[in-house]
Amino acid sequence: MAFEIVTILIGIEHLGIMVLEMFASPAKQAKAFDMEESFLRQKVARISMANQGIYNGMLGALLIISQFIFPGITAIMVGRLLLIFVAVVGLYGALTATKKIWLFQFIPAVIGLILSL
């Protein structure tokens with residue numbers, strides 16, 4: 001039960017990240033993602049952020065939906081697969097973008113994976 005709750009919460013978090021990446025102002029994005037606001041005002045940066053946002057949104061939706069549409073062990077296996085994806089992406093992001101990603105993506109995904117055991 002704890003695994004399912006954590007997986008759903010991580011899914012909700014990714015929907016929130018999607019909203020920030022796709023719809024927030026450059027000022028809010030700069031603060032959230034430790035980036036220069038002047039960079040985020042550029043058209044190509046806006047497009048790139050929106051593209052990342054749609055990926056995060058779909059990942060969030062899959063994390064949530066996987067806990068409701070698959071029966072028993074299948075839900076756990078699909079959830080594990082998605083959480084491994086989140087952990088790998090979170091690790092890469094923490095190493096290349098901002099250390100905050102450790103706290104908001106990598107660590108929750110690892111906790112979820114531990115709970116699935």
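Below are the figures for this structure:
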{"item": "Which listed residue is surrounded by 17 or more Cβ atoms within 10 Å (Cβ to Cβ) and more than 15 Å from the chain's Cα centre (by Cα), from Ala30, Ala2", "result": "Ala30"}
{"item": "Answer from Ile5, Ile47, Ile76 - the residue that is in contact (Cβ under 8 Å) with a residue 24 or more places away in the chain and out of contact with any helix residue (DSSP H, G or I) (no Cβ under 6 Å at 6 or more places or on another chain)", "result": "Ile76"}
{"item": "Any chance Ile73 is within 15 Å of Leu15 (Cβ to Cβ) and either open to solvent by less than 80 Å² (accessible area, probe 1.4 Å) or among the hydrophobic types (A, V, I, L, M, F, W, C) (or both)", "result": "no"}
{"item": "Test: residue in segment 8-20 that is surrounded by fewer than 18 Cβ atoms within 10 Å (Cβ to Cβ), farther than 29 Å from Arg80 by Cβ and either hydrophobic (A, V, I, L, M, F, W, C) or touching a Lys or Arg at 6+ places or on another chain (Cβ under 8 Å) (or both)", "result": "no"}
{"item": "Residue among Asn51, Asn56 that alone is surrounded by 16 or more Cβ atoms within 10 Å (Cβ to Cβ), assigned to a helix (DSSP H, G or I) and either among the acidic types (Asp, Glu) or at negative phi (or both)", "result": "Asn56"}
{"item": "Residues located in segment 17-39, provided they are touching a residue at least 12 places away in the same chain (Cβ under 8 Å), part of a helix (DSSP H, G or I) and either basic (Lys, Arg) or under 19 Å from Lys99 (Cβ atoms) (or both)", "result": "Ile17, Leu20, Glu21, Gln29, Ala32, Phe33"}
{"item": "Residue count for segment 83-109, restricted to those that are over 13 Å from the mean Cα position of the chain (by Cα) and either buried (at least 16 other Cβ atoms within 10 Å of the Cβ) or free of Cβ contacts under 8 Å to residues at least 60 places away in the same chain (or both)", "result": "3"}
{"item": "Lone qualifier among Arg41, Arg46, Arg80 - being under 27 Å from Ser116 (Cα atoms), charged (D, E, K, R) and open to solvent by 50 Å² or more (accessible area, probe 1.4 Å)", "result": "Arg80"}
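The values are calculated or read from the model by the stated rules, or taken from the named source; none is laboratory data. As the structure is a computational prediction, the values presented were derived from the model and not from experiment. So basically every Cβ, Gly included, is an ideal-geometry build from the backbone, and we count neighbours across all protein chains shown. The protein model used for the area step is the full one, side chains on, heavy atoms only, and it has no ligands, DNA or RNA in it. Shrake-Rupley method; radii C 1.70, N 1.55, O 1.52, S 1.80 Å.
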